[in-house]
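To start, the structure under review is shown below, and the notes come after it.
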Amino acid sequence: MISNSLQNGQQLNTLQQDATNAANKAGPDAPTPDATMARPPQRVSGPNQFQRFVQESTGKLLPIYGHDLFDSPQAYAANTNAPAPDNYILGPGDEVRLQVSGPQDFSTALVIDRNGQVNLPKVGAVTLAGVAVRDLEKTLSAQLGQIFTNFKASATLGRLRGIQVYVVGQTQQPGTFQLSSLSTLVNALFASGGPSANGSMRAIELKRDGKTITTLDLYDFIGKGDKSKDVPLMAGDVIVIPPVGPRVAVTGAFDQAAIYELKPGATSVGDILNLGGGVPALATAQKALLERITRSSNPPRQVQEVVLNHEGLGLPLKDGDVLTLLGISPAFANAVTLQGTVAAPLRYRWFEGMRILDLIPERDALITGDYYKRKNLLVQNAGVAQDAGGKVSSQMRGLMDQINWDYAVIERLDRKKLTTQLIPFNLGKAVLEKDPANNLLLQAGDVVTILSQSDLQVPQERQSRLVRVEGEVATPGVYQAAAGETLPQLIKRIGGLTPQAYVFGTEFNRESVKKRQQENLDKLIRRLEAQSLSQQGTLVANRTSTSTSDQTAAILQLQQTQLKSQIERLKTMKSNGRMALELDPNAQSIAALPDIPLEDGDHILVPATPGFVSAFGSVNNENVFVYKPGKTVGDVMKSAGLTEDAEPSQAFVLRADGSIIARQDRGGFFGGSFESLAMMPGDTLVVPAQMDRESRYNTIVRGFKDWTQILANLGLGAAGLKSLGY
């Protein structure tokens with residue numbers, strides 16, 4: 001031990017002697033060193049042994065407190081442009097700018113040489129080394145006064161000298177550093193990158209001429225901004241960073257989770273927590289966990305609980321301790337939660353004896369904020385006033401969230417079994433009728449959920465049904481249908497039909513049907529896409545199988561292109577939810593309408609009697625034709641004319657009521673040939689094109705009877721047929 005100490009002392013003396021010799025050799029032309037120039041190669045240090053120990057214990061690699069401060073060393077470099085302080089001591093290499101006024105005016109720049117002197121004009125050598133800045137003018141004036149009278153002298157510092165210092169020990173970059181003479185101990189630490197992972201932050205020593213000038217605790221500088229131990233450096237100073245002292249780790253509900261170094265002597269729990277702002281509000285004060293190494297026990301690691309009160313905060317920490325702060329419970333001690341179709345879904349203060357009516361004292365508490373937002377938006381969009389169709393009726397339907405008055409539920413935690421209890425109650429009886437049996441007693445932590453009719457489907461008689469009726473009726477509008485009310489009953493209630501009403505062409509659209517039709521359409525698209533991929537494989541196989549592969553491949557390629565085109569058209573289509581009413585073509589009274597119970601969102605359109613029939617597909621004259629009583633399919637087919645690729649055996653009529661009649665359907669219900677079928681106003685004749693039954697046709701309609709069945713399942717009308725390319 002003694003020999004090691006003597007050896008270390010000899011090394012320090014040697015370093016200091018070298019620094020002194022280097023300073024003595026500095027001449028007038030010596031450059032001013034920069035704190036960042038000529039740095040030794042950086043020594044990067046990884047996690048130390050204690051960091052890895054804590055990581056194995058907690059699963060977290062904690063940083064070392066204060067080490068991130070050294071990520072930006074330039075931010076803490078000495079400002080060489082700042083004026084030197086009054087207590088700055090001049091030395092070799094400093095520049096003095098002297099200006100004299102009086103009988104003789106002159107100015108000059110004087111550089112203190114290695115002997116500590118400057119050469120004053122007509123005065124000679126003057127020693128300035130060791131003179132403080134505050135005494136500079138007085139010293140020069142005294143020397144000039146020996147020669148001159150009635151003069152005034154002004155002296156300032158110009159370029160400052162550089163100093164050479166040494167940083168040794170557990171530092172990121174040990175070695176020699178050329179710094180500005182204004183640098184302090186802290187500036188040198190930042191120039192060297194600070195302590196390494198195994199270096200002390202709390203016992204950094206500055207040695208000068210073999211003596212310890214100061215011991216710096218960086219925690220005081222980082223946490224309090226205390227620089228009382230930070231002193232100016234001199235040439236030859238040696239900065240020693242000793243090995244790190246006792247360490248502890250703080251983790252858990254603590255913003256400054258890190259590895260902390262204990263100060264020599266006793267450092268308490270409170271001292272360490274104060275470095276990170278004290279006990280956090282989000283950490284429970286009732287219990288913290290302290291893992292401690294007790295060498296006298298086997299195994300040596302133990303866990304104890306610490307209460308973060310005055311006594312617990314004063315507990316001294318020991319080397320190797322791991323302190324874990326526990327977060328507060330997210331539970332509320334006196335709150336119940338109201339959610340669902342309510343005005344303010346929030347946590348409310350619970351009190352002893354609190355019941356449902358205390359939580360929901362009035363009906364307005366069940367009007368959601370979205371209702372008022374939607375209501376206010378009605379007058380903010382000028383386009384709404386111009387759109388008197390489906391948009392307005394949809395807004396009427398969606399304006400108010402319909403409350404489910406029959407069922408609400410309380411969710412409660414059974415603390416004995418730690419299971420969730422669901423306690424249902426009748427909301428209407430509790431809030432509207434003030435029924436004591438449903439005005440249930442609440443407990444702290446309860447969650448009360450209010451549902452709407454869209455959350456759970458209620459019986460038909462309690463559902464709200466808004467139905468839109470337009471066209472040739474006495475009073476078109478949006479009506480609330482009664483429970484079980486049918487289509488004919490509603491039309492009678494609103495005044496019946498106009499004389500121009502075309503009952504056979506009545507359109508009946510339903511939301512639930514629309515949803516199912518769209519699902520069928522999506523399934524068809526997915527099926528056709530899968531078959532398209534299969535057909536691509538057939539195309540590749542045919543190209544290499546026969547001598548006529550080129551011709552076969554061309555046909556298959558064309559079919560593949562046509563199939564993809566139809567798939568893309570199908571993707572652009574949306575089902576409208578129309579139901580085929582299958583009406584008697586000759587009936588024109590309300591009694592002909594089916595007794596369909598109405599649902600919410602139903603849309604009924606009774607058109608005026610059209611004066612035309614249509615034909616499109618593989619016809620020469622794809623157009624509309626004037627309707628005349630007795631006009632048949634054959635008449636329309638003759639007027640339109642068939643193309644060469646027409647397939648009349650697959651022709652069908654899309655009726656004005658949404659139903660479809662194909663050639664193969666004749667002989668059953670109507671009798672007679674397909675061409676003799678009487679056309680009705682608004683009917684559409686569709687003549688498909690010929691298809692290869694062994695390839696394209698079977699690929700498209702496999703699993704279906706024909707295109708008529710596809711169109712019926714998807715609820716597509718004349719617009720859909722046109723989109724498909726007929």
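The values are calculated or read from the model by the stated rules, or taken from the named source; none is laboratory data. Just so you know, these numbers come straight off a predicted model, no measurement behind them. Here Cβ is always computed from backbone atoms with ideal geometry, including for glycine, and neighbour counts include all displayed protein chains. Heads up: the accessible areas ignore ligands, DNA and RNA and are worked out on the full protein's heavy atoms, side chains in. Shrake-Rupley method; radii C 1.70, N 1.55, O 1.52, S 1.80 Å.
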The distance between the Cα centres of region 103-122 and region 234-260, in whole Å, is 48
Here the Kirkwood hydrodynamic radius of region 558-691, Cα-based and in Å, equals 16.8
Sorted on mean Cβ neighbours within 10 Å (highest first), peptides 417-425, 628-636 come out as 628-636, 417-425
Over 25 Å (Cα to Cα) among Lys429/Lys514; Lys574/Lys638; Lys138/Lys227; Lys429/Lys515; Lys60/Lys318; Lys373/Lys429 -> Lys429/Lys514; Lys574/Lys638; Lys138/Lys227; Lys429/Lys515; Lys373/Lys429
So the carbon and sulfur contribution to the accessible area of region 436-499, 1.4 Å probe, in percent, is 50
The answer for the net charge of residues other than Ile64 whose Cβ lies under 11 angstrom from its Cβ, with Lys and Arg +1 and Asp and Glu -1, is -1
Mean Cβ-within-10 Å packing, highest first, puts peptides 158-171, 185-198 in the order 185-198, 158-171
About its Cα centre, region 95-148 carries a charge dipole, from +1 on Lys and Arg Cβ atoms and -1 on Asp and Glu Cβ atoms, whose size in debye to the nearest 20 is 60
For 199-206, 567-574, ranked highest to lowest by mean beta-carbon neighbours within 10 Å, the order is 199-206, 567-574
Over region 614-660, with neighbouring protein chains present, the accessible area per residue in Å² at probe 1.4 Å is 45
Quick numbers on region 105-216, Rg and Dmax over C-alpha atoms in Å, give 19.7, 64
